[in-house]
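Values quoted throughout were computed directly from the atomic coordinates according to the rules given, and no laboratory measurement underlies them. Since we're looking at a predicted model, the values are computed, not measured. Every residue, glycine as well, gets a Cβ built from its backbone with ideal geometry; the counts of neighbours run over all protein chains shown.
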Ligand code: ASC
């Protein structure tokens, strides 16, 4: 089983086009990794979203820096949903992530693309551009959560 997990994670890691991919010794490591990535990404996105919503004073450089970070983090979590990583520690991944893998990948790709647009928008320094792009990202977060995130932690 452990060997199978290693083989499947390696296959997933090797198939990715990312120049750097994390390695996971056990399912718990993959779950911790993806939860951590989402947490850090949401923190940087949240800083930009706060400016877009007027909760945080607009600072063009801070917006651009945080958008760039969120965008570079965006693809990473999707490398950590390999086979067998549904269980191992409490998480909110639904079985559909694995049974409807193409749909899940589509949702992930939409979020990554929306984050790239936000990165580009933030580099323009225009708050109006940022507002539109933040809305786009938020929609992709929600769209994936609606379909693939459970209400409650399991396991
Ligand atoms: C965030 C965040 C999410 C999304 C979501 C959008 O800032 O942490 O999960 O936006 O709330 O609907």
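Across the chain, the relative contact order, built from alpha-carbon pairs under 8 Å that are at least six residues apart, equals 27 percent.
Principal-axis analysis of the Cα atoms of the chain puts helix 127-148 at an angle of about 20° to the longest axis.
So how tilted is helix 60-73 from the main axis of the chain? Cα-based, degrees 0 to 90, rounded to 10. Between the helix axis and the principal axis of the chain, the angle is about 20 degrees. Under 19 Å from a label point set 7 Å out along the Cα-to-Cβ vector of residue 32, the amide N atoms of segment 52-85 belong to 76-85. Annotation: for a label point projected 7 angstrom from Cα along Cα→Cβ of residue 60, residues of segment 111-134 with backbone N closer than 20 Å are 117-134.
Against the main long axis of the alpha-carbon atoms of the chain, helix 2-15 sits at an angle near 40°. Fully extending the segment from residue 42 to residue 124 would add 27.4 nm, taking 0.36 nm per residue of separation and subtracting the current Cα-Cα distance.
Rg/Rh, computed from the Cα trace of the chain with Rh as the Kirkwood radius, has the value 1.01.
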